[in-house]
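The values are calculated or read from the model by the stated rules, or taken from the named source; none is laboratory data. These numbers come from a predicted model, not from an experiment. All Cβ positions, glycine included, derive from the backbone under ideal geometry; neighbour counts span all protein chains shown.
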Amino acid sequence: MYLWILRIVAIIFLFWFIAPIFKKYFNHGNKLGIAICLFVLLFYTNTPLFEYVKSFCYDYKILAFLWNAAKWFIIIFICYALIVTVAIFIASKIKPKKGASIITLGNRATKDGPSELLMGRIIATKEHLNKDSDSIAVLSGGKCRRDYIEESVCMYNTLESMDIDTGRLLLESESRSTYENILFSYRVINENKKNKNLAIATDAFHQLRARLIVRKLGIKAKVGAVNAKTHVLYIPTYYVREWIALPYEVLFRFRPHRQ
């Protein structure tokens, strides 16, 4: 019975990971999510095939060793994914200090305006600025390959149309990654002598990695979360992407891409 439940869950998530592709969101989160679902459907819940491969592997010592190693790898990965997901949730619940400077992380700026993810971050920034009259926002993001204009300019124009006082908005238009968003934006905050405590405006799934980057940069400020409302369509894809991005951030990104 549990195998049928697992099959149904895998089918639901398979379509959930595929759906963002039609919105032109295709990243490592989709790829890994689709691969996991296909593995479950085509192998793990396919009892005859599973038992045949298992029996074949146990006839040879080296294959039996690899089979057991793979089994433990899957168990460890599941535990890791659960721990990271809980840590992401906790990081997204940390409230910013009053007057903290907002760093709004960029996303795609299309010819029709902000992408869905970017619009969520813009709205979150607007709401926090309205709630905390002492805060300012650094709108962070340059023009990447798929952008129509600089992400920061797109955010500025949108917030201006929402009647936000543009005197409370600073632009950082050189960054091309989350690392650079935070590095270059904090320089803007220092150059303009603004509050060094930070409020990161981004999607909840992104908050833990943003906090990690702040610490890696040696920034001693208090860091709080200003969470955008993420469309349900993108939640599985981007949470799975963070499972990959977080260890990559820890193990391979020792310094900013550009100074």
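Below are the figures for this structure:
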| quantity | calculated |
| --- | --- |
| Breaking point among (1) at pLDDT below 95; (2) over 17 Å from D203 (Cβ atoms); (3) small (G, A, S), for A109 | (2) |
| Of residues in the stretch 37-64 being in contact (Cβ under 8 Å) with a residue 12 or more places away in the chain and surrounded by 15 or more Cβ atoms within 10 Å (Cβ to Cβ), the one nearest to Y239 (Cα to Cα) | C37 |
| Some residue of the stretch 67-84 being within 14 Å of H206 (Cβ to Cβ), surrounded by 14 or more Cβ atoms within 10 Å (Cβ to Cβ), out of contact with any strand residue (DSSP E or B) (no Cβ under 7 Å at 6 or more places or on another chain) and touching a residue at least 24 places away in the same chain (Cβ under 8 Å) | yes |
| Any pair with Cβ under 6 angstrom, 6 or more apart, that starts in the stretch 222-244 at a residue that is closer than 25 Å to I74 by Cβ and ends at one that is among the polar types (S, T, N, Q) | T237/N30; R241/N27 |
| Answer residue from the stretch 212-235, given it is part of a loop (DSSP other than H, G, I, E, B) and at negative phi and is surrounded by the fewest Cβ atoms within 10 Å (Cβ to Cβ) among those | K220 |
| Helices (runs of 4 or more DSSP H) lying entirely in the stretch 22-134 (those with 3 or more residues that are within 30 Å of E174 (Cα to Cα)) | 28-39, 61-91, 116-131 |
| Residue under evaluation Y238, criteria (1) assigned to a helix (DSSP H, G or I); (2) out of contact with any Gly (no Cβ under 6 Å at 6 or more places or on another chain); (3) not charged (D, E, K, R), criterion not met | (2) |
| Selection count, the stretch 188-211, where residues are part of a helix (DSSP H, G or I) and not small (G, A, S) | 10 |
| Positions within the stretch 128-148 being within 14 Å of G106 (Cα to Cα) and buried (at least 17 other Cβ atoms within 10 Å of the Cβ), in sequence order | A137, V138, L139, S140, G141, G142, K143, D147 |
| Selected residue (criterion: nearest to R146 (Cα to Cα)) from residues of the stretch 16-34 that are without any contact (Cβ under 8 Å) to a residue 60 or more places away in the chain and in contact with a helix residue (DSSP H, G or I) (Cβ under 9 Å, 6 or more places away or on another chain) | F26 |
